[in-house]
1. Just to confirm the filter: which trypsin sites (Lys or Arg not before Pro) across the range 124-225 are DSSP coil and have at most 12 other Cβ within 10 angstrom of their Cβ?
2. Counting Lys and Arg as +1 and Asp and Glu as -1, what is the net charge of the other residues whose Cβ lies under 11 Å from the Cβ of residue 143?
3. For residue 10, list long-range residues whose amide hydrogen, built 1.01 Å from N in the peptide plane, is under 5 Å from its own amide hydrogen.
4. Please state the relative contact order of the chain as a whole percent: Cα pairs under 8 Å, 6+ residues apart?
5. Using 1/(1 + (r/R0)^6) with R0 = 30 angstrom and r between the beta carbons of residue 187 and residue 54, what's the FRET efficiency to the nearest 0.05?
6. Using only alpha-carbon positions, what ratio does the radius of gyration of the range 2-219 give when scaled by 2.2 N^0.38 Å?
7. Which one of 28, 177, 49 has its Cα pushed farthest toward the positive end of the charge dipole of the range 2-219, where Lys and Arg give +1 and Asp and Glu give -1 at the Cβ?
8. With N set to the residue count of the range 167-225, report its C-alpha Rg divided by 2.2 N^0.38 Å to two decimal places.
Amino acid sequence: MLIAEVFHSIQGEGRYVGVPSVFVRTSGCNLRCWFCDTPYTSWNPEGEQRTVDSLLEQVLGYDCEHVVITGGEPMLVKELMPLTQQLASTGHHLTIETAGSVDLDVEADLMSISPKLANSTPTDSEWTLRHNQRRHRPNVIHRLISDYDYQLKFVIDTPDDVTEVESWLDEFPQVTPDHVYLMPQATDREPLREKSAWLADIVKSHGWRLSPRLHVELWGNTRGT
Ligand code: SF4
C-alpha cells in the first residue's frame, strides 16, 4: 500500500484532541477538495509502497496506545483490514479518519468522519464534477454510524456552510448533537482564531462541539507534525 508518512504526534482535532498518537497516512484519495491540507496524498499522491508487516513493526516501535489512520482516503486501502485487525489485537486504540464516501470493513474504536460539503468542491478543474458526484454517499454514512462509535467533523469556511450542515444532518436523524464537531477552515493561526470565535456561538446554540485544530495552532500547516 502507498504510505505518505508515519509519525508520532498529538491528535489535533475532535474527541481525542491532545492525546499522543501515532499517525499512519495513506496516499491516494477519491476526492479533490480545493482546501486539501495534504495535497501530497490527493492532488499529487506520493509515498512509499509498504507491507502490513513493516507498518506493524514501525507502529509497535513507538509504544503508543493511540493510532490514527488517516490520508488521503484510507478506506480505499484494502490492506487496512488486516492492519487494523492486528493493531486491535495488540490493544491499540484505533481512529480512522475518513470523508465517509468509501466503505471498508475495518476495525476501529472511533470512526472519525469528515463529510465534504459543497464548499470543498474545486472550481475550474477536471475534478469538479467527479468530486461532487462522489463526496456524498448516504449509504456509506448510514453503515459507518450504525456499526462504529463515531464523530462527525465538518469543516466550516463561511456561516452559509452551517445551513448545509443542518440540511446534511436532517438526512441522519439518528445523529445526536454530541457527535457533531465544527472546525474552522484555516491553515494559518489568524483565520483559525477569527473563525473559531463565531463558530463558538453556533455550536452553543445547537449543542454541537467546537473542535480546535491544535496542529495548526502549534505548528502551522507543517507536514508530519
Ligand atoms: S477528502 Fe481529505 S485527503 Fe481527500 S482531497 Fe479532501 S481533504 Fe484532501
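1. Working: sites: 130, 134, 135, 143, 153, 189, 193, 195, 204, 209, 213, 223; in loops: 135, 213, 223.
Those satisfying the criteria are 223.
2. On the way: positive: 137; negative: 103, 105, 147.
Taking every other residue near residue 143 into account, the sum is -2.
3. The answer is 21.
4. Details: 434 pairs, mean separation 42.6, N = 225.
Reported relative contact order: 19 percent.
5. Values: r = 31 Å, r/R0 = 1.04.
After rounding, the FRET efficiency stands at 0.45.
6. Values: Rg = 16.7 Å, N = 218, 2.2 N^0.38 = 17.0 Å.
Against the empirical 2.2 N^0.38 Å value, I get 0.98 for the range 2-219.
7. Going by the charge dipole, the pick is 177.
8. Values: Rg = 13.4 Å, N = 59, 2.2 N^0.38 = 10.4 Å.
So the Cα radius of gyration is 1.29 times the expected 2.2 N^0.38 Å.
All of the numbers you see were taken from the coordinates with simple rules; none came from a lab. None of these values were measured; they are calculated from a predicted model. Note: ideal-geometry Cβ built from the backbone for every residue, glycine included; neighbour counts use all protein chains shown.
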